[in-house]
Amino acid sequence: MDSLPHLRILRTLPGPPGGSALALLDAVLFDIDDTLYPTSEFARSARRNAVRAMIDAGLDLPESVVWDELEEVIAEFTSNYSHHFDHLLKRLRRPHFENLNHTLVVAAGVAAYHDTKFREMAPFEDVLPLLSDLKATGITVGIITRGWTVKQTEKLQRLGLVPYLTPQAIFISEQVGISKPNPKLYSVALSELTLAPGRTMYVGDSPLQDIAPPRSLGMVATWSSRAARQSLAQAGIEADHSIANFDELRVLLADTYGLDL
């Protein structure tokens, strides 16, 4: 453990009786955004490319002005909204694109955003190797995520995660009708998969949405810090474990929970 300074175990479960190698977990479930891939970093890159494409399409404003206005739109309407660029142009007003077709400017931004998805969307490099090895153990490997069903399932496909997941173990807030941080979302997953909370680990980046709710149910809550926008200390929340990457998670799962990885 000394070789992994970022690994912080706040609560450990006792080892199996007699030192048995039997695993102490039946399932490991994951958040998607900023846990399996750097969502915030990717979104900034895609939005920046969209802004530049709209300017190239004739939007007559400095990039910094368009960027700042787009950031306000996203803050006000949330990142899951489908019409950011339409609202952006409404706010920038017609004089800046008076001789242009409004829909073509929006389409330029949308196309650039989606082109960035094709080029840049990828999981953290240590994610797929671990998911592959987890699947080989035979335990349930799944997702509990907040967002729109179409967007979140698209991410699973683009990131190449689907082959490693238990098909029945994908829970998306819109699809379930319950969103984080409501613990009921996690309860639904436990119930439908017939999992015991204490034998189910959840891994996520948000203390408020990914750590406090599952931990309140008795699940093993593991905080992934590398792309987190808020620390456990800032949120005043404790996790059962804290990891900086999935290599540390691999060690945790093998050494503390007896998984053959």
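Rule-based calculations on the coordinates, nothing more; no lab input. These numbers were taken from a predicted model, which means no experiment stands behind them. With ideal geometry, Cβ positions are generated from the backbone for all residues, glycine too; neighbour counts draw on all protein chains shown.
Listing for the model above:
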{"read-out": "Gained length - Lys135 relative to Arg44, 0.36 nm times residue gap less alpha-carbon distance", "value": "29.6 nm"}
{"read-out": "Charge dipole (the range 41-120, unit charges on Cβ, about Cα centre) - positive-most of Phe42, Ser82, Leu61", "value": "Ser82"}
{"read-out": "Relative packing of peptides 211-223, 118-130 - highest average C-beta neighbours within 10 Å first", "value": "211-223, 118-130"}
{"read-out": "Ordering of 199-207, 37-45 by burial proxy (mean other Cβ atoms within 10 Å per residue, highest first)", "value": "199-207, 37-45"}
{"read-out": "Cα-centre dipole for the range 41-120 with unit charges at Cβ (Lys and Arg positive, Asp and Glu negative), debye to 20", "value": "160 debye"}
{"read-out": "5 angstrom amide H check on Phe171, placed H, neighbours 5+ away", "value": "Ile143, Ile144, Thr145"}
{"read-out": "Proximal lysines relative to Lys184, as straight alpha-carbon distance under 27 Å, when same-chain residues fewer than 8 apart are discounted", "value": "Lys135, Lys151, Lys155"}
{"read-out": "MRE, 222 nm, helices only [DSSP H, n ≥ 4, -39500 (n - 2.57), over the chain, to nearest 500]", "value": "-13000 deg cm²/dmol"}
{"read-out": "Residue order, fewest to most beta carbons within 10 Å, for Ile178, Ile172", "value": "Ile178, Ile172"}
{"read-out": "Placed amide H near Tyr202: partners under 5 Å, 5+ positions off or other chain", "value": "Leu29, Val220, Ala221, Thr222"}
{"read-out": "Relative exposure of Leu131, Leu193, judged by other C-beta atoms within 10 Å (fewest first)", "value": "Leu193, Leu131"}
{"read-out": "Length released on extending from Gln157 to Arg226, taking residue separation times 0.36 nm less the Cα-Cα span", "value": "22.6 nm"}
{"read-out": "Hits among aspartates and glutamates - C-alpha to C-alpha of Lys90 under 19 Å, sequence gap 8 or more where chains match", "value": "Asp56, Asp60, Glu63, Asp68, Glu69, Glu71, Glu72, Glu76, Glu98"}
{"read-out": "Identified option (computed Cα Rg over 2.2 N^0.38 Å; candidates [x] 0.96; [y] 1.15; [z] 1.09)", "value": "[y]"}
{"read-out": "Three principal axis lengths of the range 41-120 [C-alpha, angstrom, descending]", "value": "33, 25, 21"}
{"read-out": "Size of electric dipole in the chain: Cβ of Lys, Arg +1 and of Asp, Glu -1, about Cα centre, debye, nearest 20", "value": "440 debye"}
{"read-out": "Neighbour-count order for Glu63, Glu238, fewest beta carbons within 10 angstrom listed first", "value": "Glu63, Glu238"}
{"read-out": "Charge dipole (debye, nearest 20) of the range 162-261; +1 at Cβ of Lys and Arg, -1 at Cβ of Asp and Glu", "value": "240 debye"}
